[in-house]
2 protein chains.
Amino acid sequence: MAVKELSQIERQLAILRRIPTEPQKVTVNDLIEYLESSHNLGNLSKRSIQRDMAMLERVFGVHVKTMGRENYYYFPQGSHISLKKMGPDLALGFLLMEKYTHSLLPEASLDALAPYFKEAKLALKNEKYKYADWEKRVAIYPKVYPLEPAKFNANHLLDIYKALLLNKQFKMNYTKKGGETKDYIVNAQGVVQQEQVSYLIATYDGQKAEGLIQFAIHRINDIEILDSQPKQIAGFDIREYLEQGGLDISLYQEQNLELVFNKPTAQHLNETPLSKDQQWTELKDGRVRVTATINITQSIKWWLLGFGDQVEVIKPKAFRDDMKKTVQGMMELYCRNSK
Amino acid sequence: MAVKELSQIERQLAILRRIPTEPQKVTVNDLIEYLESSHNLGNLSKRSIQRDMAMLERVFGVHVKTMGRENYYYFPQGSHISLKKMGPDLALGFLLMEKYTHSLLPEASLDALAPYFKEAKLALKNEKYKYADWEKRVAIYPKVYPLEPAKFNANHLLDIYKALLLNKQFKMNYTKKGGETKDYIVNAQGVVQQEQVSYLIATYDGQKAEGLIQFAIHRINDIEILDSQPKQIAGFDIREYLEQGGLDISLYQEQNLELVFNKPTAQHLNETPLSKDQQWTELKDGRVRVTATINITQSIKWWLLGFGDQVEVIKPKAFRDDMKKTVQGMMELYCRNSK
DNA sequence: TGCAGTGCGTCATATTGCGTCGTAATTGGT
DNA sequence: ACCAATTACGACGCAATATGACGCACTGCA
């Protein structure tokens with residue numbers, strides 16, 4: 001790399017990029033070392049950097065704290081410098097992301113993102129764009145509406161992500177289904193988010209049987225990241241885990257599903273098909289036969305039951321029998337008491 | 001405002017903020033006008049700005065195009081300057097948002113956001129953080145799994161958002177349920193996204209009956225934003241619209257729902273309750289009675305049916321009868337053919 | 001208590017920024 | 001088609017600013 005002379009501005013920008021946010025900080029010496037190694041130039045005096053810092057403090061709001069004899073420089077949390085005006089496409093992207101995710105993200109991330117959202121709103125609040133009633137015009141409306149979201153501590157989620165990224169074990173206190181609490185030393189393998197509920201996929205030290213355990217994140221009471229390395233499972237891939245039915249176990253081996261729908265109900269399967277190879281045939285009695293190759297899981301059964309008498313399962317035979325049995329059970333419930 | 005002398009850097013940053021992205025551009029004269037009006041200072045020469053632009057071109061990658069005798073300056077699309085290093089919380093926030101939303105956002109927004117995601121990945125790819133297998137460890141897994149997402153053109157969604165923000169009418173070609181297509185001049189009122197499907201809530205010119213119409217966005221074939229102003233409904237609020245059952249009509253007036261669950265099934269209602277006032281009582285036969293005040297909608301019925309024989313609807317009576325009728329219908333389906 | 005290291009004010013010097021001028025190129029009007 | 005007006009840009013010289021050296025005050029450590 002050629003030793004390129006840096007002009008004042010370029011040097012100051014290089015410094016700026018090196019300044020971390022609040023919990024971390026940087027000294028003038030760190031900066032000198034960085035500039036010398038990264039931009040290999042040795043002819044810079046400490047005094048210049050000190051002067052640069054004074055300027056950065058004034059113009060960019062870099063904070064400075066004198067601890068002992070040294071000055072430490074850092075950005076306050078949630079600070080944000082935008083040099084470029086946000087375009088409408090970008091601003092819209094941010095606003096949509098905020099709508100979609102604000103109930104799902106950990107607080108710390110939301111706080112960090114807040115300036116971006118704020119800037120996006122500002123970008124759409126000029127003479128041309130009328131952001132004014134965005135809130136009144138756009139909504140996300142989950143289909144599985146009845147449920148209030150599980151009150152989970154998103155900070156625990158953040159800790160888990162950190163453990164994953166830092167490749168560390170962690171200790172957690174967890175409330176088991178029965179209600180007892182227990183401490184685990186956890187080897188996190190992955191995280192799955194399903195609707196409003198997140199699951200940690202992991203093994204733990206002292207586990208009796210082999211295999212991956214699912215922990216619901218909202219049942220975690222406390223997390224502490226440890227320094228030790230987790231026992232990783234070689235070649236773990238969350239997508240494979242899910243495909244093999246990690247959360248949602250296939251009820252049958254057979255994957256050829258055959259259904260008969262009432263026509264109006266079947267209509268929307270044209271728009272959101274069951275699978276890519278879905279077939280759609282009209283029958284003589286006005287109903288519609290739909291076939292698809294798909295893992296038949298508990299959630300498929302749940303989904304089909306939701307249609308009530310609008311759909312009939314034909315194949316696989318075992319699945320049909322299962323449905324029939326369920327319906328008979330329901331029949332008992334509703335006819336027993338009303339007699 | 002006091003006439004503040006701007007140092008070189010401050011002036012250059014002020015200029016930087018004024019430079020738009022690709023389709024738009026800016027001339028030196030525009031910049032002078034801006035600086036004089038916005039930072040009221042008149043003592044700057046054109047030559048200085050020209051020199052500043054040369055510097056911004058070199059350091060920040062501002063693009064310049066000489067058209068005729070003037071130079072036009074702009075940022076290329078998808079460019080991004082980051083002065084501040086992304087912290088891990090922020091980076092994580094971006095990565096999660098990408099996971100959650102990348103299938104939902106319009107392309108143009110995704111393109112604009114791409115540099116942020118890229119930067120986030122870079123931020124987690126250092127000696128401390130092991131971003132390496134993030135993709136293999138974190139997944140979003142929708143519960144209503146069977147359905148492939150409706151192939152909707154997210155760019156149409158973007159156009160609708162733009163029409164909303166710019167307060168314009170638009171013309172669209174739409175495929176109706178029957179299969180015929182029709183042109184509409186649309187007064188957009190709002191947008192609702194439900195799972196994988198988005199709906200435009202609007203009125204249109206020449207509408208016969210009063211009231212808001214729902215258009216599925218994936219059935220829109222073409223959109224063209226017009227210059228005319230839409231006929232707005234005073235005080236429209238999408239949340240009110242949804243609460244009053246815009247998408248999901250209440251089946252009954254009564255809101256006191258009473259259910260009896262098998263205990264294992266009821267368990268998770270503790271974590272994700274039906275409503276905030278949900279009551280939970282164990283019965284003598286080991287089952288659990290759950291009461292809640294809630295709009296009883298089609299989606300609630302659908303959700304309850306999904307539980308099959310694990311739940312029994314007690315109140316309201318009309319709802320119980322409705323369920324019973326549905327179950328009888330199902331019974332017929334499964335017993336008729338198997339005889 | 002003394003030494004080494006840091007921050008910061010000051011001052012002379014070197015560098016850079018800046019306005020002016022001149023030239024080439026382009027545009028629009030008569 | 002020509003001229004006036006405007007723009008970009010290189011060159012030049014002066015003024016402003018950045019830079020490095022030095023010294024002083026302060027802090028932490030031995």
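The values are calculated or read from the model by the stated rules, or taken from the named source; none is laboratory data. Computed from a predicted model, the values in this text were never measured in an experiment. Cβ coordinates were reconstructed from backbone atoms using ideal geometry, including for glycine residues, and neighbour counts include every protein chain displayed.
A few remarks follow.
- The range B:276-300, subset over 27 Å from the mean Cα position of the chain (by Cα) and surrounded by fewer than 14 Cβ atoms within 10 Å (Cβ to Cβ), residue farthest from the other protein chains (Cβ to nearest Cβ): B:THR281
- Matching residues, the range B:200-216, being buried (at least 20 other Cβ atoms within 10 Å of the Cβ) and facing another protein chain (nearest Cβ under 9 Å): B:ILE201
- Scanning the range A:123-142 for any residue that is facing chain B (nearest Cβ under 7 Å), modelled with pLDDT of 85 or more and within 20 Å of the chain's Cα centre (by Cα) turns up nothing.
Conditions tested, residue by residue: (1) touching a strand residue (DSSP E or B) at 6+ places or on another chain (Cβ under 8 Å); (2) modelled with pLDDT of 85 or more; (3) aromatic (Phe, Trp, Tyr); (4) within 14 Å of DNA strand D (Cβ to nearest atom).
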position: A:MET1; (1), (2), (3), (4): no, no, no, no
position: A:GLN12; (1), (2), (3), (4): no, yes, no, yes
position: A:ARG18; (1), (2), (3), (4): yes, yes, no, no
position: A:THR27; (1), (2), (3), (4): yes, yes, no, yes
position: A:ASP30; (1), (2), (3), (4): no, yes, no, no
position: A:ILE49; (1), (2), (3), (4): no, yes, no, yes
position: A:MET55; (1), (2), (3), (4): no, yes, no, yes
position: A:PHE60; (1), (2), (3), (4): no, yes, yes, no
position: A:HIS63; (1), (2), (3), (4): yes, yes, no, no
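- Filtering A:ASP237, A:ASP227 for residues that are within 14 Å of chain B (Cβ to nearest Cβ) and under 17 Å from the mean Cα position of the chain (by Cα) leaves a single hit, A:ASP237.
- Annotation: of all residues in the range A:192-208 being without any contact (Cβ under 8 Å) to a residue 40 or more places away in the chain and assigned to a strand (DSSP E or B), the one that is nearest to A:LEU165 (Cα to Cα) is A:ALA202.
- Being within 18 Å of B:GLY93 (Cα to Cα), out of contact with any strand residue (DSSP E or B) (no Cβ under 9 Å at 6 or more places or on another chain) and at pLDDT below 90 is a description that does not apply to A:HIS39.
- Going through (1) within 30 Å of A:LYS125 (Cα to Cα); (2) part of a loop (DSSP other than H, G, I, E, B); (3) without any contact (Cβ under 8 Å) to a residue 12 or more places away in the chain one by one, B:GLU240 falls short only on (2).
- Output for the range B:306-335, where each listed residue is basic (Lys, Arg) and either not in a helix (DSSP H, G or I) or not assigned by TED's automatic domain parsing to the domain that holds B:ALA292 (or both): B:LYS315
- Evaluation of B:ALA114 against (1) in contact with a helix residue (DSSP H, G or I) (Cβ under 8 Å, 6 or more places away or on another chain); (2) outside any loop (DSSP other than H, G, I, E, B); (3) more than 8 Å from chain A (Cβ to nearest Cβ) (one fails), failing number: (1)
- Among residues of the range A:87-118, those that are within 26 Å of B:GLU22 (Cα to Cα) and modelled with pLDDT under 85, counted: 3
- For the range A:244-256, the criterion of being within 30 Å of A:LEU164 (Cβ to Cβ) and without any contact (Cβ under 8 Å) to a residue 24 or more places away in the chain is satisfied by at least one residue.
- Some residue of the range B:21-43 being within 12 Å of DNA strand C (Cβ to nearest atom), surrounded by fewer than 12 Cβ atoms within 10 Å (Cβ to Cβ) and not assigned by TED's automatic domain parsing to the domain that holds B:ALA108: yes
- Residue in the range A:80-93 that is at the interface with chain B (Cβ under 9 Å from one of its Cβ atoms), surrounded by 14 or more Cβ atoms within 10 Å (Cβ to Cβ), within 16 Å of DNA strand C (Cβ to nearest atom) and charged (D, E, K, R) present: no
- Set B:LYS276, B:LYS284, B:LYS231: member being in the same structural domain as B:GLN169 (by TED's automatic domain parsing) and assigned to a loop (DSSP other than H, G, I, E, B): B:LYS231
- Taking residues in the range B:301-315 that are more than 7 Å from chain A (Cβ to nearest Cβ), and partners anywhere that are acidic (Asp, Glu), the pairs with Cβ atoms closer than 8 Å and at least 6 places apart or on different chains are B:LYS301/B:ASP322; B:VAL313/B:GLU258; B:ILE314/B:GLU258; B:LYS315/B:GLU254; B:LYS315/B:GLU258.
- Within the set A:SER103, A:SER37, the sole residue that is in a loop (DSSP other than H, G, I, E, B), more than 8 Å from every other protein chain (Cβ to nearest Cβ) and away from DNA strand D (no atom under 16 Å from the Cβ) turns out to be A:SER103.
- Yes/no for B:MET97 being in a helix (DSSP H, G or I) and either of a type outside the set (Phe, Trp, Tyr) or buried (at least 17 other Cβ atoms within 10 Å of the Cβ) (or both): yes
- Index of the failed condition, B:ILE160 passing every other in (1) of a type in the set (A, V, I, L, M); (2) more than 30 Å from A:SER299 (Cα to Cα); (3) at pLDDT 75 or above; (4) not assigned by TED's automatic domain parsing to the domain that holds B:SER228: (4)
- Checked against (1) away from chain B (no Cβ under 14 Å); (2) under 24 Å from B:LEU269 (Cα atoms); (3) among the aromatic types (Phe, Trp, Tyr), A:TYR174 meets all criteria but (1).
- Members of the range B:65-86 that are in a loop (DSSP other than H, G, I, E, B) and within 11 Å of DNA strand D (Cβ to nearest atom): B:GLY68, B:ARG69
- A single member of B:VAL260, B:VAL191, B:VAL186, B:VAL197 is under 30 Å from B:LEU283 (Cβ atoms) and surrounded by 16 or more Cβ atoms within 10 Å (Cβ to Cβ), and it is B:VAL260.
- Answer residue from the range B:58-73, given it is within 13 Å of DNA strand C (Cβ to nearest atom) and β-branched (Val, Ile, Thr) and is farthest from the other protein chains (Cβ to nearest Cβ) among those: B:THR66
- The range A:13-28 - residue that is assigned to a helix (DSSP H, G or I) and touching a residue at least 24 places away in the same chain (Cβ under 8 Å) and, of those, farthest from the other protein chains (Cβ to nearest Cβ): A:VAL28
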